[in-house]
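What follows draws every value from the coordinates through simple rules; no lab data is involved. Here the structure is a predicted model, which means the values were calculated and not measured. Backbone-built Cβ (ideal geometry, glycine too); neighbour counts: all protein chains shown.
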Amino acid sequence: MNPVATLLGSQKSDPQAVKKWAAEDFAISIGLLRECPYHGQPFKAKPSMWNGKRWPGKTIDPMDPAVRAFNGDTRELMAAVEDVAGRYGDRCEYCEASEREVFD
């Protein structure tokens with residue numbers, strides 16, 4: 001089964017966007033990222049389990065939809081996970097922005 005079709009039905013989709021979503025989901029599943037319970041936005045988990053050299057203690061299931069989005073290429077998946085995780089801060093961007101908001 002094609003993961004692109006699974007995620008978006010019969011609509012055409014951008015394969016890079018699907019890979020980004022898959023990498024985010026995988027990073028959340030291994031504990032590298034967390035998802036804000038209020039906004040659904042990813043942010044870095046603390047303490048960081050990933051140091052770039054050490055696998056976070058679980059093997060990659062080849063049937064995982066995230067792996068299938070990368071056509072089974074786990075190296076490409078892990079590179080995408082590192083790239084995606086590096087783009088997020090330590091807190092949900094919406095929660096952080098709401099705390100800086102000034103009320104009259």
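What does a probe at C36 reach in the stretch 70-104, counting residues whose amide N is under 14 Å from the point 7 Å along Cα→Cβ?
Within reach of a label on C36, which here means backbone N under 14 Å from a point 7 Å along Cα→Cβ, the stretch 70-104 contributes 88-101.
Between R91 and Q16, what is the label-to-label distance in nm when each label sits 7 Å out along the Cα-to-Cβ direction?
Distance between label points: 3.1 nm.
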